[in-house]
């Protein structure tokens, strides 16, 4: 049996799945100060009467880190950065204590200016005096040469008592130094709180005699063993929308293109599944004001929900962005989209006479009948969603491309399905689908699609391999490892084989070796380096990935 | 008429297209190969420049064949001469042109390859790494679509922008200024002070040959003393920087001493509306830093921390004789600019009913030798630039010869010139001395190619 639990902003949802069928669900309100208790209450409800040994897998998705960061409850972090030549480092929007030190590494990982160790030392003393116990060190191009970051770490460790240091190249191997510095700082900030949470979860689950492996869901729709996840705390943010999207992937036919519409109380989350693959944002996620390197689904949040405030503005209907709810028909004080949908019989929750009253009031402001007002509200809501959905497809089409083939092959695609999950979807999704010429789907168990998505998501993994044969070395960005390449003839075939070996090793270390075979080559490029009209070496970039997907227990089972 | 920049007062972003064409090369070891912008990619992405609120990244598109035919007589055809990479580089400039003209952005940089400024109106193949002229395609697209008339193109590549010069040589509304390493010491061996524009456009082409090893100081002097004052008087509605990066002190194909700081400052001073990358082959030691500097400068950000690892201020200075050489050139050209009206009147008088010149053009990349006779009608209507015909004959390799006859009608040509030009085109369709007959009618945005062998006509 599989268990999926999503601790969301409003409710905590759990499902129990047996042989590809959802056999039990539970839903409890989320109490932000007691997330663990919510999680366990939801868990206990679905495992009641189930022999613990029958449970094969538990996957959790939690807003813990999202909340901690949003509420500023993470540990304070001091940054030591080595920006080298380029932008004025004062222009980086990094908050809090930032110490800038001299030294530089270039794009090929060559030291172009020695690290000023005295300056690092002085920075560390200042950081110690100001009482920081978490430090992030990041060097521009530190992912191509780790020496300066390692040296900065050593100095910080030797100077600041009881300090924990995170290094940039371990947080991400992708280009973009400000994002890497921010991601490293967030990682350092969230580490302790997350570890505490993970340990408590592990203990509570063990206390229930559940010996099945426990996973945590990441923003890219992949799972990570709970034990390894403590090394990657910030990757667990925004797992809620990822859970819903994975749920839709699980509940719709394979290989299709769908829009995921998750309509909640005050917001609607939109995500895309293109030919059966959830769309990953080409840049990392934005966390509050920070741009990061965290891989996440491209999710668009729209300020429109069942409880949004509805009013007349200049003779037209305006919806949101603030919340008025609960709906008038459910005992609230102001008209909402839910009231409009109730009056038009698009949904059946709430008191229809109250909905009529709410729409009458709105109709007076608009100079029309209650029924017409309700229609206008629904039309306006559908219009908003259509605009955002088309914007998302357009943004995907307009993503910059750097190769001729990428420009030539990108075609215009439109969704086959509009899939509604979450409470408020029932009324609007069929209308949105109709307008887009797509099939409207409200899957069975739509209100717990997020928990289903968590339960059946498989691990994801990325490995970015780069070799510079002229300089005779390779780096694996995500591991922070470097190695020598002695073979002068090292080419694309060798690079791809090596990347494959490395991702299998890495899967082993992450505790997900059984999925290593799913790894696919997502990019492989060779640049011949020509110096003085002859080839002096090659730069080889190879990316391998286990992309987001569903575990075989689901796809091979009773999926519709 | 207000310039788009004045109308764009509200926009604060710079528009950027980065198209490194990582899957396109002239040949595997050619300077114009996949690797050229690799380290530039690393540097500007690592800087996070695309995340800045001051920078808006756009996606390239393919230019249409008609956009190419608006500028070039491509032999044997547009389709045969350009690859998709060329269409994307040219198309990128059009995307930025539209964004700029619509007021979405304050200025723009097309950081794209392959380059184009050595491509002339007649294009038989690749010369100086260029097949089609990106700037000319963009300028003609903008003039056609948005009704702009006066444009200034400043060519800051180390090589003379001979293609762009040739395309606009007779156009009094396009000011073309090129500074470059003296043509006696570098490809393409042209761009001397006496190349000043056609009879009706004297002073609208200005060439500033600079001595080898000219540093930042020299180029900034030229800008301040000559280029900027001329621009102020000319009052262009659009300023384009044909932005080569091979004046750099480490460039392997040239001998100048320009730095990344110098390039950033140049773009700050010149404040082009749209910059388009041209050459620059110091792919590791210059391009990552130069491009970073240009982007920051155009975005209005502090570029003072951009520097090459081996650079320090004051590393290069000018000798007395170099200074005298440059001031002499600047003074002479100021004189030409000031006297442009009288010089134009004299040149028109001297030319008679038709102005004719003969040209020998060498395509270094493709090994083509071309002979041209250009003939411009000296229309009595002073405001009409007259129509032009070009007689071309090119020998590729050992003996295979292609010939063509092109008729070009500029946008502001008078009615009688337009009619006469069309008759010329029709008459030459039966002229078996030529393989191809071309017709460019800017006013009607009509472009034709007639094959005398196949007896068919293609209309773009």
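The values are calculated or read from the model by the stated rules, or taken from the named source; none is laboratory data. From a predicted model like this one, the values you see are computed outputs, not experimental measurements. Every residue, glycine among them, receives a Cβ derived from its backbone with ideal geometry; neighbour counts consider all protein chains shown.
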(Q) For segment B:290-302, give me the residue count where each residue is at the interface with another protein chain (Cβ under 8 Å from one of its Cβ atoms) and part of a loop (DSSP other than H, G, I, E, B). (A) 2
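To keep it simple, each residue is scored yes or no on (1) farther than 24 Å from residue B:364 by Cα; (2) surrounded by fewer than 23 Cβ atoms within 10 Å (Cβ to Cβ).
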{"site": "B:138", "(1), (2)": "yes, no"}
{"site": "B:196", "(1), (2)": "yes, yes"}
{"site": "B:204", "(1), (2)": "yes, no"}
{"site": "B:208", "(1), (2)": "no, no"}
{"site": "B:220", "(1), (2)": "yes, yes"}
Q. Just for segment B:123-136: of the residues that are in contact with a strand residue (DSSP E or B) (Cβ under 6 Å, 6 or more places away or on another chain) and crowded, with 24+ Cβ neighbours inside 10 Å, which one is farthest from residue B:157 (Cα to Cα)?
A. B:124
Q | Yes/no for residue A:176 being farther than 28 Å from residue A:226 by Cβ, buried (at least 16 other Cβ atoms within 10 Å of the Cβ), within 14 Å of chain B (Cβ to nearest Cβ) and in contact with a strand residue (DSSP E or B) (Cβ under 6 Å, 6 or more places away or on another chain) | A | no
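Answer yes or no as to whether residue A:304 is outside the structural domain of residue A:174 (by TED's automatic domain parsing) and within 22 Å of residue A:429 (Cα to Cα). Can you show your working first?
On the way: outside the structural domain of residue A:174 (by TED's automatic domain parsing): yes; within 22 Å of residue A:429 (Cα to Cα): yes.
So residue A:304 fits the description; yes.
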Q. Tell me, which helices (runs of 4 or more DSSP H) lie completely within segment A:340-412 with 1 or more residues that are over 26 Å from the mean Cα position of the chain (by Cα), within 14 Å of chain B (Cβ to nearest Cβ) and crowded, with 16+ Cβ neighbours inside 10 Å?
A. A:404-409
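For residue A:153, are the conditions met, namely being in a helix (DSSP H, G or I) and touching a strand residue (DSSP E or B) at 6+ places or on another chain (Cβ under 9 Å)?
Yes.
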Q: Please verify whether segment B:61-70 includes one or more residues that are more than 10 Å from every other protein chain (Cβ to nearest Cβ), assigned to a loop (DSSP other than H, G, I, E, B) and surrounded by fewer than 19 Cβ atoms within 10 Å (Cβ to Cβ).
A: yes
(Q) Please count how many residues of segment B:287-309 are surrounded by fewer than 24 Cβ atoms within 10 Å (Cβ to Cβ) and under 13 Å from residue B:265 (Cβ atoms). (A) 3
Q) Do you know which residues across segment B:384-399 are touching a strand residue (DSSP E or B) at 6+ places or on another chain (Cβ under 9 Å) and surrounded by fewer than 20 Cβ atoms within 10 Å (Cβ to Cβ)? A) B:384, B:391, B:393, B:395, B:396, B:397
Q.
Any residue that is over 17 Å from the mean Cα position of the chain (by Cα) and under 30 Å from residue A:548 (Cα atoms) - is there at least one of those in segment A:276-288?
A. yes
Q: Scan segment B:111-123 and give yes if some residue there is free of Cβ contacts under 8 Å to residues at least 40 places away in the same chain and in the same structural domain as residue B:296 (by TED's automatic domain parsing), otherwise no.
A: no
Q | Residues located in segment A:403-451, provided they are more than 25 Å from residue A:303 (Cα to Cα) and in contact (Cβ under 8 Å) with a residue 24 or more places away in the chain | A | A:413, A:444
**Q.** Candidate set: segment A:229-253, residues that are out of contact with any helix residue (DSSP H, G or I) (no Cβ under 7 Å at 6 or more places or on another chain) and surrounded by fewer than 24 Cβ atoms within 10 Å (Cβ to Cβ); chosen: the one farthest from residue A:444 (Cα to Cα)
**A.** A:231
Q: Return the only residue of B:41, B:12 being over 28 Å from residue B:167 (Cα atoms), at pLDDT 95 or above and surrounded by fewer than 21 Cβ atoms within 10 Å (Cβ to Cβ).
A: B:41
**Q.** Filtered residues of segment A:437-455 (kept if surrounded by 20 or more Cβ atoms within 10 Å (Cβ to Cβ) and assigned to a helix (DSSP H, G or I))
**A.** A:446, A:448, A:449, A:450, A:451, A:452, A:453, A:454, A:455
Q) Within segment B:446-453, can one find any residue that is buried (at least 21 other Cβ atoms within 10 Å of the Cβ), touching a residue at least 12 places away in the same chain (Cβ under 8 Å) and closer than 25 Å to residue B:143 by Cβ? A) yes
Q) In segment A:352-372, which residues are out of contact with any strand residue (DSSP E or B) (no Cβ under 7 Å at 6 or more places or on another chain) and closer than 16 Å to residue A:314 by Cα? A) A:361, A:363, A:364, A:367, A:368
Q | Answer residue from segment B:24-58, given it is touching a helix residue (DSSP H, G or I) at 6+ places or on another chain (Cβ under 7 Å), in a loop (DSSP other than H, G, I, E, B) and without any contact (Cβ under 8 Å) to a residue 60 or more places away in the chain and is nearest to the other protein chains (Cβ to nearest Cβ) among those | A | B:48
Q: Considering only segment A:51-109, give the strands (runs of 3 or more DSSP E) lying wholly within it that have at least 3 residues that are crowded, with 24+ Cβ neighbours inside 10 Å.
A: A:57-62, A:78-82
Q.
Suppose we keep only residues that are in contact with a strand residue (DSSP E or B) (Cβ under 8 Å, 6 or more places away or on another chain) and in a loop (DSSP other than H, G, I, E, B) within segment B:421-445. Which one would you say is surrounded by the most Cβ atoms within 10 Å (Cβ to Cβ)?
A. B:434
**Q.** Pick from segment A:77-95, criterion in contact with a strand residue (DSSP E or B) (Cβ under 7 Å, 6 or more places away or on another chain) and either away from chain B (no Cβ under 14 Å) or without any contact (Cβ under 8 Å) to a residue 12 or more places away in the chain (or both), ranking: nearest to residue B:306 (Cα to Cα)
**A.** A:89
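Here is a yes/no grid of residues against (1) within 14 Å of chain A (Cβ to nearest Cβ); (2) more than 30 Å from residue A:101 (Cβ to Cβ):
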site	(1), (2)
B:217	no, yes
B:288	yes, no
B:308	yes, no
B:312	yes, no
B:315	no, no
Q) Can you tell me which residues in segment A:7-27 are part of a strand (DSSP E or B) and out of contact with any strand residue (DSSP E or B) (no Cβ under 7 Å at 6 or more places or on another chain)? A) A:18, A:21
